[in-house]
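Comments concern the structure below.
The values are calculated or read from the model by the stated rules, or taken from the named source; none is laboratory data. Being a predicted model, the structure only gives us computed values, none of them experimental. Glycine also receives a Cβ, built like all others from the backbone with ideal geometry; neighbour counts cover every protein chain displayed. Ligands, DNA and RNA are excluded from the accessible area calculation, which covers all protein heavy atoms including side chains. Shrake-Rupley method; radii C 1.70, N 1.55, O 1.52, S 1.80 Å.
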Amino acid sequence: QIHLVESGGGLVQPGGSLRLSCAASGSSFKRYSMAWFRQTPGSERDFVALITKVNNSLYAAPVKDRFIISRDNAKNTVLLQMNNLKPEDTGVYYCAASLNLGTSAGGYESWGQGTQVTVSS
């Protein structure tokens with residue numbers, strides 16, 4: 001099994017940037033596809049971005065051209081660079097890992113604890 005810990009959330013103004021980090025341990029990081037999901041009050045966890053074990057990436061439409069997902073296999077770390085943040089980006093962001101590939105939360109077997117991102121004036 002793989003263990004995930006997110007960090008880097010906080011409060012930013014609209015148009016600002018944040019970088020989220022996900023540190024992995026306990027298993028072979030390079031075997032996993034990694035993804036970021038987010039959840040707002042009263043909503044399900046929504047797909048944000050994923051990166052495969054061969055470094056291909058996919059983004060949800062609301063964050064396309066604003067967010068960048070990356071991974072460093074040597075450091076067992078996944079990053080989510082979030083630029084031009086909007087109030088609707090507010091939520092708890094979760095790092096997730098899967099040996100398969102998909103955009104549904106139910107398909108991911110390992111999750112971090114979440115980190116809060118708040119975008120507000």
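General observations
- Kirkwood-Stokes translational diffusion coefficient of the chain, alpha-carbon pairs, 20 °C, 1.002 mPa s, µm²/s: 152
- Sparsely packed GluC sites (Glu not before Pro) within segment 2-106, loop by DSSP, other Cβ within 10 Å at most 16: GLU44
- 14 Å beta-carbon shell around THR103, net charge (K/R +1, D/E -1): +1
- The fraction of accessible area contributed by carbon and sulfur in segment 72-121 is 48 percent, rounded to a whole number (1.4 Å probe; ligands and nucleic acids excluded).
- In this structure, the amide hydrogen of THR90, modeled 1.01 Å from its nitrogen in the peptide plane, lies closer than 5 angstrom to those of VAL119, counting only residues at least 5 positions away or on a different chain.
- Convex hull volume per residue in cubic angstrom - Cα atoms of segment 1-63: 118
- Accessible surface, the chain, averaged per residue in Å² (probe 1.4 Å): 51
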